[in-house]
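Please read the structure below before turning to the comments.
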Amino acid sequence: MDDQIEKVIQEQEPMAETMPNVITALSSLLQRVSETNDDLSRPLWEHQRISAFSALTKPSISIRSYMKRIFKYANCSDSCYIVAYIYLDRFIQKQPFVPIDSFNVHRLIITSVLVSAKFMDDMCYNNAYYAKIGGITTEEMNLLELDFLFGIGFQLNVTLSTYNNYCSSLQREMVMRNMYSPLLEPSFLTLKSLQISLYDEDSLSVHQNKQLTTAV
């Protein structure tokens, strides 16, 4: 099975080298958050919980390169990355003793994208394929997915207002990084890219203090 998945990945038609701005902005944001938490966490190790997402050593691949790999092989819609961003923020709000840092950010990224793709897109790859993309085993991918779902309390629905707030957050990141032009509105900011059902407002307010949104 692993050989078949590897063959599929190798046979994937090469995509453009330039990532969409939404992914570039998100990788920049996560890089800054993880580095900040690395510095803040050192005096507080005894209060933090080692989670299933924590690696023993810092992965050698950068966050940007890791997200570029996911973008290249997962074929997710841009909206998936916005919703993955929302899920990550929900996770850290509900799991305050598991802050995003350089040891867990890669596993959190691949898991949040997997969960988002399953919820958002009509078609997506299975866990074994995502595990291969993320450089982990299928068994670990399965466990991380379950741990992540419990971590966010299975709160998968996203309202339109919440989606727009997180789009604005990444748009500010683009402005900071000189990646955004008002004449070239990213596709993920348009309503047609939102392919999820809209329910009542999320119980988690987007105006509360958030590690990710306030980092912008």
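The values are calculated or read from the model by the stated rules, or taken from the named source; none is laboratory data. Note that the structure is a prediction, hence the values are computed from the model and not measured. Backbone-built Cβ (ideal geometry, glycine too); neighbour counts: all protein chains shown. These area figures cover heavy atoms from the full protein model, side chains too; ligands, DNA and RNA do not enter into them. Shrake-Rupley method; radii C 1.70, N 1.55, O 1.52, S 1.80 Å.
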(request) State whether one or more residues within segment 163-172 are crowded, with 16+ Cβ neighbours inside 10 Å and charged (D, E, K, R). (result) no
(message) Test of understanding: among Phe154, Phe148, which residue is hydrophobic (A, V, I, L, M, F, W, C) and assigned to a loop (DSSP other than H, G, I, E, B)?
(response) Phe154
(request) Counting only residues that are at pLDDT 95 or above, closer than 20 Å to Asn164 by Cβ and open to solvent by less than 10 Å² (accessible area, probe 1.4 Å), give me the helices (runs of 4 or more DSSP H) lying completely in segment 13-117 with at least 1 of them. (result) 78-94
(message) Given the criteria on the phi < 0 side of the Ramachandran plot, of a type in the set (Asp, Glu) and either outside any loop (DSSP other than H, G, I, E, B) or at pLDDT 50 or above (or both), does Glu201 qualify?
(response) no
